[in-house]
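The block underneath contains the structure these notes are about, expressed in structure tokens.
The values are calculated or read from the model by the stated rules, or taken from the named source; none is laboratory data. All values derive from a computational prediction rather than experimental measurement. Because the Cβ atoms are built from the backbone with ideal geometry, glycine has one as well, and the counts that use them run over all protein chains shown. What goes into the accessible areas is simple: the full protein's heavy atoms, side chains included, and nothing from ligands, DNA or RNA. Shrake-Rupley method; radii C 1.70, N 1.55, O 1.52, S 1.80 Å.
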Amino acid sequence: MMKYFYSFLFLIGSLLASGQTTDVKYLSGKGSDDAVEWDFFCTGGRKSGEWNKIKVPSCWEMEGYGTFNYGHDKPKADESGLYKTTFEVPATWKGKRIFIVFEGSMTDTEIKVNGKQAGTPHQGAFYRFKREITKLVHMNKENLLEVKVNKMSSNASINEAERQCDFWVFGGIFRPVYLEAVPNNFIEYTAIDARQHGELNADIFIDKKLSGIKAEIEIKDIQDQTMGKITSASINEKTGKISLSGKIDNIKPWSAEDPQLYTAIITLRQKDKVLHTITDRIGFRTVEVKPKDGVYINGVKMRFKGVNRHSHWPTTGRTTNKQLSINDVKLMKEMNMNAVRMSHYPPDKHFLEFWKNLITSLHIRGLVE
């Protein structure tokens, strides 16, 4: 057991020493159970017209501000929330590119750092978005963050999709906010297709087109043993995308009954220089939809038994926390369910990640073969 622990420490230490990983600093809490207070001003409804404090993340109606509206109410309160907080940038981030990331904000959101606008306003509540603030921050002194959130969107289609549905209409920064520091050239995101018998195809999207770029994926099992590596061809100059494909031998496929997971270490290189390294947890499975027949996973026909789930809690609205996600997943499993419909938007990350962490910890403790 200890050798795996030290192997893990060595891996993390090596990545940190290279300085080519992604660093994160939270400006808010990670959920409703550890929220951080920011300055707040609501333009209408309860407790409006004066600066006060509010928890972030939260829905401002659940914190005593603004106006409660249900989706079919007409007219709805068209109020805004103004947020302020300060932050410092770690000295070790000098020379890196810095982004501010919002996991969810309802709904149109404008961001200013030290009085200057950070990119265009974001529209839509349930999707993560980020803005680069590298040139707006001070490295050696306090920075001011100002955020304006409009409860109703200026985009009619967003209002129709998110503000006129059969649920409570909330306003506010309802999911976490954090800073993200990356190298000058970095992996924007990845799309990995890992199949039942070890076939793996991946697209690596980088922030800008570069020459002489390649990517590598290393797959490790739960004991931190390398299962295989796949190296890409050169970057596609037209799309700015790196594609790779290959096969990893001796993997165990993922299924709902036996959710085998592996660690994918994705490295971006320019010749012999490492530009950026990220990690992800993946499972190998093949999903097929056969017309007039059904859905098959790893060649086995599935009968789905599941529920609809909203990201919602009676005392905190749209703002949840990791423990609530764990409780929901456990309840579903106790009821012998194998599917969940997200009704009708991306959930909090911790809801999707829970089973990854649970199965990993069970393997480490020797409770699962």
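Couple of notes before you dig in:
- Listed values for the range 215-225 are Karplus-derived 3J(HN,Hα) couplings in whole Hz (6.51 cos²θ - 1.76 cosθ + 1.60, θ = phi - 60°), namely 10, 9, 10, 10, 9, 10, 8, 5, 8, 6, 8, and x replaces Gly and Pro.
- Helix screen, the chain: DSSP H segments with Cα axial length of 15 Å or more and mean Kyte-Doolittle hydropathy at least 0.0 are 2-18, 349-364.
- Candidate aspartates and glutamates - alpha carbon under 16 Å from K305, same-chain residues fewer than 8 apart omitted: E257, D328, E334
- The orientation-averaged projection of the convex hull spanning the C-alpha atoms of the range 157-203 amounts to 7.4 square nanometres.
- In this structure S154 has an accessible area near 100 Å², from a 1.4 Å probe over the protein heavy atoms.
- Space enclosed by the convex hull of the alpha-carbon atoms of the range 95-218, per residue, Å³: 172
- Inter-site label distance for A339 and A156 at 7 Å from Cα along Cβ, in nm: 3.6
- Subset of K55/K84; K290/K349; K53/K84 violating a 19 Å alpha-carbon distance limit: K290/K349
- Projecting the Cα atoms of L275, N236, Q260 onto the charge dipole of the range 222-287 (Cβ charges, centred on the Cα centre) puts N236 farthest toward the positive pole.
- Adding -39500 (n - 2.57) for every DSSP H run of four residues or longer, then dividing by how many residues the chain holds, sets the calculated 222 nm ellipticity at -4000 deg cm²/dmol.
- The alpha-carbon of K135 sits under 17 angstrom from the alpha-carbons of these lysines, leaving out residues fewer than 8 places away in its chain: K94, K96, K112, K116.
- Cα gyration tensor, the range 158-265 - rounded (a/c under 1.5), prolate or oblate: oblate
- Intensity falloff of the range 213-350 expressed as log10 I(q)/I(0), Debye formula with alpha-carbon point scatterers, at q = 0.12, 0.15, 0.21 Å⁻¹: -0.75, -1.02, -1.22
- Between the listed residues N150, I206, V169, the Cα displaced farthest toward the positive end of the dipole of the range 118-221, a dipole computed from Cβ unit charges relative to the Cα centre, is found at N150.
- Listed residue (S343, I192, Y178) projecting farthest to the positive dipole end of the chain, Cβ model: I192
- Potential lengthening between S211 and K290 on full extension [0.36 nm per residue; Cα-Cα distance subtracted]: 24.3 nm
- For the range 45-152, convex hull of alpha carbons as volume per residue, Å³: 112
- FRET efficiency for K47 and E257, using Cβ-Cβ distance with R0 set to 45 Å, rounded to 0.05: 0.35
- Lys, Arg +1 and Asp, Glu -1 on Cβ, resulting dipole of the range 252-325 about Cα centre, debye, nearest 20: 140
- Computed from phi, the 3J(HN,Hα) profile of the range 173-187 under the Karplus parametrisation 6.51, -1.76, 1.60 (θ = phi - 60°) reads 7, 9, 10, x, 10, 8, 8, 10, 10, 10, x, 4, 10, 9, 7 Hz, with x in place of Gly and Pro.
- Counting only Cβ charges, +1 for Lys and Arg and -1 for Asp and Glu, the dipole size of the range 133-180 around its Cα centre is about 180 debye.
- Under 5 Å from the amide H of E37 lie the amide H atoms of V56, each residue being 5 or more positions distant or on a separate chain, with H modelled from the backbone and absent for Pro and chain starts.
- The Cα-based radius of gyration and maximum Cα-Cα distance (Dmax) for the chain are 22.5, 64 Å.
- Over 17 Å [Cα-Cα, the range 110-166], rounded percent: 48
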